[in-house]
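What follows is a short report on a single structure.
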Amino acid sequence: MTVNRVLLIGNLGRDPELKYFDDGSAVCNFSIATSRTWKSRDGEKQEETEWHRIAVFGKLAEVCGEYLKKGRTVYIEGRLRTRQYEKDGATHYTTEIVAEEVKFLGGRRDDEGGGDGEQQRGGGGGQQRGGYGQQRQQQQRPAPQQRQQSAPKSNTGFDDMDDDIPF
């Protein structure tokens with residue numbers, strides 16, 4: 001058994017590039033940055049940033065092309081793919097992540113004019129998988145307050161502790 005699975009949370013380094021193939025199917029390409037920080041033996045703060053090329057296909061590519069912008073935080077789940085291409089007579093290789101799931105994290109940045117309504121429409125935490133639209137999924141899920149009110153009360157005496165739970 002083998003596994004080819006990648007999970008990333010990062011920020012877009014530039015606006016996505018949406019293209020269409022001759023058959024009408026879409027591909028969206030963008031790069032995200034992930035960073036890690038640590039303290040060196042000297043006690044100095046160190047930071048390392050990695051850039052990842054992302055390729056998204058189909059309906060999900062169209063949604064990413066419409067809603068994602070530079071600086072936006074996203075969760076990516078997919079697989080690694082290495083491909084080769086010819087340029088100036090030389091063979092080059094590139095490794096990218098083919099995204100099968102994309103979640104838009106956080107809201108739109110303030111300078112993009114997104115208010116609360118824009119955040120929901122733009123996917124403030126919404127999930128995209130297999131080409132389903134965010135607006136459709138938002139409508140199918142009840143609001144958190146509705147779910148909490150409809151949950152049955154337990155007799156454990158912990159009902160008043162909801163505010164103390166950190167998640």
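Please pick out the residue among ARG36, ARG14 that is assigned to a loop (DSSP other than H, G, I, E, B) and touching a residue at least 12 places away in the same chain (Cβ under 8 Å).
From the options ARG36, ARG14, the qualifying one is ARG14.
Within segment 75-96, is there a residue that is touching a residue at least 60 places away in the same chain (Cβ under 8 Å) and not in a strand (DSSP E or B)?
no
Let's see how each residue does on (1) surrounded by 14 or more Cβ atoms within 10 Å (Cβ to Cβ); (2) of a type in the set (Val, Ile, Thr); (3) closer than 21 Å to PHE104 by Cβ:
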site: VAL27; (1), (2), (3): yes, yes, yes
site: SER35; (1), (2), (3): no, no, yes
site: LYS39; (1), (2), (3): no, no, no
site: GLU44; (1), (2), (3): no, no, no
site: PHE57; (1), (2), (3): yes, no, yes
site: VAL63; (1), (2), (3): yes, yes, yes
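Considering only segment 82-98, state which residues are exposed (fewer than 10 other Cβ atoms within 10 Å of the Cβ) and touching a Leu at 6+ places or on another chain (Cβ under 8 Å).
none
FYI, it's all coordinate maths here, none of it is from the lab. Quantities reported herein were computed from a predicted structural model and do not represent experimental measurements. Heads up, the Cβs are rebuilt from the backbone with ideal geometry, glycines too, and the neighbour counts pull from every protein chain shown.
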